[in-house]
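Right, one structure below, let's go through it.
The values are calculated or read from the model by the stated rules, or taken from the named source; none is laboratory data. The shown structure was predicted, so the numbers you read here are calculated from the model rather than taken from an experiment. Every residue, glycine among them, receives a Cβ derived from its backbone with ideal geometry; neighbour counts consider all protein chains shown. Protein only, heavy atoms only, side chains kept; ligands, DNA and RNA dropped before computing areas. Shrake-Rupley method; radii C 1.70, N 1.55, O 1.52, S 1.80 Å.
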Amino acid sequence: MSARGEVAPDIAEFDLGMDGVTTLAAHLREGFVWLDRDLRIRGLNAVAAANMGLDADAAMQLDFENLARENEAVATLVSWMRRVLRTAEAVRFEMTGVNDPSRIYTVCIFPFRGGLAYTFLQVTELHELRRASEVWRTEHRALNDLCEISIFHVNPMGFFSYVNDYLCHILGFSRSDLERIRLIDVCAEADREETARTLNTLVCGTTESHVGVFNLMMRTQGICRLKVSCAPIRRDGACVAIAVVGVEI
């Protein structure tokens, strides 16, 4: 092993004895490209070739230096490659697609076999989900600031898992009080069976939404009537909570 480490493997060694790298690269869902110090491609997997819109043989002929003069995204990639060659330190960053600027990729470049290699994975959908999540959080804050809308979550066992300030205010309970009890514990007694049945259909997926009225008991002996819309929150196909939005009627 020591002797082998003293001699840099040539291209033939790379092709004939990849120490499992070829097999590993073939099974990656990320694109994988290996380049020498002159930024000439020496190996890549099918994911990378498909992303380039080329077969493997055509992809091996790509000239990154020339492409960088014509394409801003390639110029960015080449700039990071040169940094890795200079510093021998791996880098990770995000960039727009070379062929489609609307796509976003996360890229990792690292020293490899006397040159460098990089992996890349498209994360456009993840970025869109992040944006959608931020929009949801903003709208959620706006709804809460109106102070006239009750928002709460109930877990599959029927316990409150989240309540907003307005629901606490109108019922007269603290958040810690509500998050220790079940929804049906604060339902009017005559409605408890029907409410439990409604929650069960949402958890089991029998129905995907419910609009109705919850009659909730206030701490001060009154009844608060909420017109509600309920929908299950699912993760990997399983219901993890029921989201409820309600207004007083």
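What to note about this one:
- Volume per residue for the chain equals 207 cubic angstrom (convex hull of Cα atoms).
- For the stretch 110-249, fraction of C-alpha pairs farther apart than 26 Å, in %: 34
- In this simple spin-label model, placing a label point 7 Å from the Cα along the Cα-to-Cβ direction at both N144 and A50 gives a separation of 4.3 nm.
- Between E134 and R29, the C-beta separation translates, for a Förster distance of 30 Å, into a calculated FRET efficiency of about 0.70.
- Taking only alpha carbon atoms, the stretch 174-248 gives an Rg to Rh ratio of 0.97, where Rh is the Kirkwood radius.
- Apportionment of accessible area to carbon and sulfur, the chain, percent (1.4 Å): 53
- Spacing of the two label points (7 Å from each Cα toward its C-beta) at F110 and N66, in nm: 3.2
- Considering only Y162, Y118, Y105, the mean-square fluctuation computed in a Gaussian network model of the chain, springs between alpha carbons under 10 angstrom, is largest for Y162.
- Rotationally averaged projected area of the stretch 138-219 (alpha carbon convex hull; nm²): 5.7
- Residue order by solvent-accessible surface for S150, S102 is S102, S150, largest first, with ligands and nucleic acids left out and a 1.4 Å probe.
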